[in-house]
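A.B. asks: Next up is a structure, given as structure tokens.
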Amino acid sequence: MTFDFEFPMHNADDVTLEFFLNIDHSDHGAIFWTRSDSDDTNRFHFFTTEFSAGQTSFGFDYVDPGDGRHTIANPLAFPVSLNTWTHIAVTRSGNTYEWFKDGVAQGSAVDTNANLPSGTGGWRLSGRDNFQFRGYLDEVRISNTVLSPSEFLNAT
């Protein structure tokens, strides 16, 4: 599914991106690809991938307008289970990112050389040519503020 407007993380505003995912195999798959084509430049990429036998992980990075890669969440540190619904949330306040699994903080990072992608439109949910996300997504929400875990969709 392609959207014809700027991906909210392409600007410097505070933001929360959250969703539920249920993946059925460990191949690399793009959950959010913030270009309307598959060029690996000037974009954010939220994905799942297999880093060791039987271990599937979530990660995200971006490539700035000058083609510099900014790895924010190293997927080695963020395992997710196959065939299980998992709530994922990513927040950004200024240059500080924090990511959560089922409401529990999994890590944080400061992007010390922030140079956000400059794309102005056309991003994909569950898709990049040759790296389609295989599984299920539900209740995708993008908020223009940093939400706390008690405000996430999975809060009880």
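A.B. asks: What pairs come out if I take residues in region 39-68 that are assigned to a loop (DSSP other than H, G, I, E, B) and pair them with residues that are of a type in the set (F, W, Y) whose C-beta lies under 9 Å away, six or more apart or interchain?
C.D. replies: Hits for this filter: N42/Y62.
A.B. asks: Just to check your reading of the model, which residue among N74, N113, N83 is out of contact with any His (no Cβ under 6 Å at 6 or more places or on another chain) and either basic (K, R) or closer than 16 Å to H45 by Cα (or both)? Outline the logic, then answer.
C.D. replies: Details: N113 fails: either basic (K, R) or closer than 16 Å to H45 by Cα (or both); N83 fails: either basic (K, R) or closer than 16 Å to H45 by Cα (or both).
Testing whether each residue is out of contact with any His (no Cβ under 6 Å at 6 or more places or on another chain) and either basic (K, R) or closer than 16 Å to H45 by Cα (or both) leaves just N74.
A.B. asks: Quick check: anything in region 5-24 assigned to a strand (DSSP E or B), of a type in the set (F, W, Y), surrounded by fewer than 18 Cβ atoms within 10 Å (Cβ to Cβ) and within 13 Å of the chain's Cα centre (by Cα)?
C.D. replies: Yes, region 5-24 contains a residue that is assigned to a strand (DSSP E or B), of a type in the set (F, W, Y), surrounded by fewer than 18 Cβ atoms within 10 Å (Cβ to Cβ) and within 13 Å of the chain's Cα centre (by Cα).
A.B. asks: From the list V90, V146, V104, exactly one residue is hydrophobic (A, V, I, L, M, F, W, C) and surrounded by fewer than 15 Cβ atoms within 10 Å (Cβ to Cβ). Which is it?
C.D. replies: It is V104.
A.B. asks: Of all residues in region 74-114, how many are of a type outside the set (K, R) and within 17 Å of P8 (Cβ to Cβ)?
C.D. replies: First, pick out the residues of region 74-114 that are of a type outside the set (K, R): 74-91, 93-100, 102-114.
Right, trim to within 17 Å of P8 (Cβ to Cβ) and you get 88-91, 93-99, 111, 114.
The total comes to 13.
Throughout, read-outs are computed from the coordinates displayed, never taken from laboratory work. Note that the coordinates shown come from a computational prediction; the quantities given were computed from them, not determined experimentally. No Cβ is skipped: glycine too gets one built from the backbone with ideal geometry, and neighbour counts run over all protein chains shown.
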